[in-house]
1. Are there any pairs, at least 6 apart or on different chains, whose C-beta atoms fall under 8 Å, with the first in the stretch 63-87 and over 19 Å from A51 (Cβ atoms) and the second assigned to a loop (DSSP other than H, G, I, E, B), and if so, which?
2. With the requirement that a residue be under 17 Å from the mean Cα position of the chain (by Cα), loosely packed, with under 12 Cβ neighbours inside 10 Å and among the hydroxyl-bearing types (S, T, Y), what does the stretch 11-46 give you?
3. Being surrounded by 10 or more Cβ atoms within 10 Å (Cβ to Cβ) and at pLDDT below 75 is the filter here, so list the residues in the stretch 62-105 that pass it.
4. Output the qualifying pairs, or none if there are none: Cβ atoms under 8 angstrom, residues six or more apart or on different chains, first residue in the stretch 23-41 and without any contact (Cβ under 8 Å) to a residue 24 or more places away in the chain and more than 18 Å from A51 (Cβ to Cβ), second residue surrounded by 12 or more Cβ atoms within 10 Å (Cβ to Cβ) and β-branched (V, I, T).
5. Which residues, counting only those in the stretch 37-56, are modelled with pLDDT under 90 and either in contact with a Leu (Cβ under 7 Å, 6 or more places away or on another chain) or among the charged types (D, E, K, R) (or both)?
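The values are calculated or read from the model by the stated rules, or taken from the named source; none is laboratory data. Only a predicted model underlies this, so the values are computations on that prediction, with no experimental measurement involved. Here Cβ is always computed from backbone atoms with ideal geometry, including for glycine, and neighbour counts include all displayed protein chains.
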Amino acid sequence: MGHDVAAQVRGYMFVFGALLVLTLVTVGVSYLRLPETPAVIIGLSIALTKAALVAMYFMHLKGEKPAVYWPLGLTAFLFVGLLVSVLLSEGDHLFGTQFDDAFTR
């Protein structure tokens with residue numbers, strides 16, 4: 001039951017370095033003055049990569065059994081569905097356009 005502590009620390013330091021580099025990339029992208037849509041897509045993809053690194057290594061999900069991934073995937077799917085349903089129901093207020101009410105004619 002021996003754990004190679006040096007290998008674990010090396011892995012944590014690698015993840016720390018990757019998170020640091022991704023943070024610097026995020027700051028660098030903010031100075032590029034990209035249009036809004038590409039900037040959001042790039043920022044979200046970097047954030048998703050950083051979140052995956054944290055979840056896989058610091059939350060120890062890398063070595064979990066596949067049965068753990070199903071509830072996590074279901075939770076993520078339902079969370080995205082909840083966000084989409086709220087945005088679809090309230091989205092007309094976001095951009096200043098009001099849709100006609102179903103009861104007015």
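1. What qualifies is L87/L94.
2. Within the stretch 11-46, T37, S45 qualify.
3. E64, G91, D92, H93
4. Note: pairs meeting the criteria are L34/I42; A39/V29.
5. Within the stretch 37-56, A55 is the sole residue that qualifies.
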